[in-house]
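J.: Got a structure here, written out as structure tokens. Questions coming.
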Amino acid sequence: MMKFGIFMAPFHRVGENPSLAYERDLQLIEWLDELGYDEAFIGEHHSAGWEIIPSPEIFMAVAATRTKRIMLGSGVTSVPYHHPFHIASRFAMLDQITRGRIILGCGPGALSSDAYMLGIETTTQRDRMVEGLEAVMRLFNEPGNITIDGSYFKMRDAHLQVKPFQQPHLPVFVANTISPSGMVAAGRLGCGVLSVAAFSKGGLEGLPKRWQMAEETAAEYGKTVDRKNWRLVFPVHLAESTKEAADDVREGGNAWIQKYFIDTLAARIQFEEYPGQPAEEMTLDRMIGRGGAIVGTPDDAIKRIKEVIEATGGGFGGLLVLAHEWASREKTNKSYELLARHVMPQFQGSAIPIEYSQQWTAERRDQLFATSVQAVLKAMHDYKEHRQAIGQKPSDLADQPVTRVRP
């Protein structure tokens, strides 16, 4: 059964009140919890102005108090920025106090500006992540006496005095973007995968080969990986018509592409099709046109998700909506509701027995109606006989014809 959730960086336009932005994010997760979404992954960033949550653990702890069932994950904890002992301790505690509603998502750190401020060379980040995550996994799984003299992290006779609530440990995912390092790390450690750039140009086409990397690496290290623990991230916005959906998000989506990814991060490579292409030509409509964003009706979304399943060469375990504020709050909430009402059931099986029952009844409608007519006629006959037996005249209603039309 496919899982559905969000990947909340989050993205807020520069200059907004951060307290209000955080509150909107929390209220969105409350809404998703009501709608029956499975997961919410929260990002960690420290610069660049748009993605303003520096501690997913703190945010997740607050969100846990305001929700009932949705799983809360880091999307992602930047392992090179923290000692692995602290990562393991904090997430084990979170898992305990939420009674098993926590997921640890890990990555090397997405923003070079974050690494720069911390004095970390970007060329070392992926190695740091693997070394740190290996230590976290050992702390989750081993009773103690863990000594590590690593290149980036050290521990001496270490143990966690509080282990995770979930056994053998809470779910662990590794982020994968453009490079193969995420898939290799997931295979090496037997973790799940967050493919956070599946919507980027060329991201979807390379997914089968990327998953093969994870499987090959897992086999090399005596581990296993499972497609059910593979999440793909896509921008999604749904409305009653395809045109309405595109009109809802065009202005906000263009601002996200041009003002953040291009003007702030210089990330032209994901959007540029021709050398020297002006930034104003890099638009959300172009992303929609090549299938990088799912914008349209619920039927459009169902069709596109089926295409993505086919493109992965074997399927995946969950779709995460890239949380955005491209449309008004009301339209954004409505989009999540449409996804929950009409799209999720098609991939989670809840609609199948209902559709079966409708079809079963439709195929037997004439036979079933005939039996109901017989029952009504018998009831009329019994009524008239009873009235006559007690010497009373039956009502004229007892002679009304029986039709298919309900009153």
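What follows is calculated from the coordinates using simple rules that are stated; it is not laboratory data. The structure presented is a predicted model; accordingly, all values stated were derived computationally and were not measured. Here the Cβ positions follow ideal geometry from the backbone for every residue, glycine too, while neighbour counts run over all protein chains shown.
J.: Any idea what angle helix 18-35 forms with the longest principal axis of the chain, computed on alpha-carbon atoms, 0 to 90 degrees, nearest 10?
T.: Helix 18-35 sits at roughly 40 degrees to that axis.
J.: Continuing with the same structure: How charged is the neighbourhood of residue 317? Take every other residue with its Cβ under 9 Å from the Cβ of residue 317, and add Lys/Arg as +1 and Asp/Glu as -1.
T.: It works out to a net charge of +3.
J.: Tell me, 196, 225 in order of fewest to most beta-carbon neighbours within 10 Å?
T.: On the way: 196 27, 225 24.
Least crowded to most crowded, the residues run 225, 196.
J.: I've got another one for you. Once phi is turned into θ = phi - 60°, what whole-Hz ³J(HN,Hα) does the Karplus curve with 6.51, -1.76 and 1.60 give for every residue of the stretch 292-308, x standing for Gly and Pro?
T.: In residue order, the calculated couplings are x, 9, 9, 10, x, 8, x, 5, 4, 5, 4, 4, 5, 5, 4, 5, 5 Hz.
J.: Fewest first, what order do 217, 361 take by the number of other Cβ atoms within 10 Å?
T.: Least to most surrounded, the residues fall as 361, 217.
J.: At what distance in angstrom do the alpha carbon centres of the stretch 34-64 and the stretch 229-262 lie from each other?
T.: Centre-to-centre (Cα) distance: 19 Å.
J.: Oh, and also: I want to check the label-to-label distance for residue 355 and residue 281. Put each point 7 Å from Cα in the C-beta direction and report it in nm to one decimal.
T.: According to this spin-label approximation, the distance is 4.2 nm.
J.: Using a/c under 1.5 as the rounded threshold, could you call the stretch 268-394 rounded, prolate or oblate? The axes a ≥ b ≥ c are square roots of the C-alpha gyration tensor eigenvalues, and prolate needs a/b larger than b/c, oblate otherwise. Working shown, then result.
T.: On the way: a/c = 5.04, a/b = 3.29, b/c = 1.53.
It is prolate, given that a/c is not under 1.5 and a/b is the larger ratio.
J.: Sticking with this one: Once Rh for the stretch 136-222 is found with the Kirkwood sum over Cα pairs, what is the Stokes-Einstein diffusion coefficient at 10 °C and 1.306 mPa s, in µm²/s?
T.: In µm²/s, the coefficient is 108.
J.: Stretched out fully, how many nm does the piece from residue 27 to residue 47 gain, at 0.36 nm a residue minus the Cα gap?
T.: Numbers: separation 20, 0.36 × 20 = 7.20 nm, distance 2.38 nm.
Difference between extended and current length: 4.8 nm.
J.: Right, here's the next one. I'd like the distance separating the alpha-carbon centroids of the stretch 172-218 and the stretch 105-128, in whole Å.
T.: With the stretch 172-218 and the stretch 105-128 each reduced to a Cα centre, they are spaced 18 Å.
J.: Rounded to a whole number of µm²/s, how large is the Stokes-Einstein D of the stretch 1-151 at 20 °C and 1.002 mPa s, given Rh as the Kirkwood radius over C-alpha pairs?
T.: D, rounded to a whole number, is 132 µm²/s.
J.: Net charge within 11 Å of residue 245 by Cβ-Cβ distance, Lys/Arg positive one each and Asp/Glu negative one each, not counting residue 245 itself?
T.: With Lys, Arg at +1 and Asp, Glu at -1, the neighbours total -1.
J.: Can you give the relative contact order of the stretch 73-193 as a percent, counting alpha carbon pairs under 8 Å and 6+ residues apart?
T.: Working: 201 pairs, mean separation 35.9, N = 121.
The normalised contact order for the stretch 73-193 reaches 30 percent.
J.: Grab the beta carbon distance between residue 212 and residue 396, set R0 = 60 Å, and tell me the FRET efficiency rounded to 0.05.
T.: The formula returns an efficiency of 0.20 here.
J.: Further, regarding this structure: Let me make sure I get this right: for the stretch 92-136, a, b and c are the square roots of the gyration tensor eigenvalues over alpha carbons, sorted descending. Under 1.5 in a/c it's rounded, otherwise prolate if a/b > b/c, else oblate. Which is it?
T.: Because a/c hits 1.5 or more and a/b exceeds b/c, the stretch 92-136 counts as prolate.
J.: Using the number of other C-beta atoms within 10 angstrom as an exposure proxy, rank 260, 356 with the fewest first.
T.: 356, 260
J.: Could you tell me which label, among (1) 27.3, 103; (2) 30.9, 120; (3) 19.3, 60, carries the value of Rg and Dmax of the Cα atoms in Å calculated for this structure?
T.: Entry (1).
J.: Please work out how much length the chain gains when fully extended from residue 1 to residue 96, using 0.36 nm per residue of separation minus the C-alpha to C-alpha distance, in nm with one decimal.
T.: Roughly 31.6 nm would be gained on extension.
J.: Hey, another quick one. Gain in length, residue 227 to residue 366, computed as 0.36 nm per residue apart minus the alpha-carbon separation, to one decimal in nm?
T.: Roughly 45.5 nm would be gained on extension.
J.: Under the definition of Cα pairs under 8 Å and six or more residues apart, what whole-number percent is the relative contact order of the stretch 1-95?
T.: Details: 130 pairs, mean separation 29.0, N = 95.
Result for the stretch 1-95 is 30 percent.
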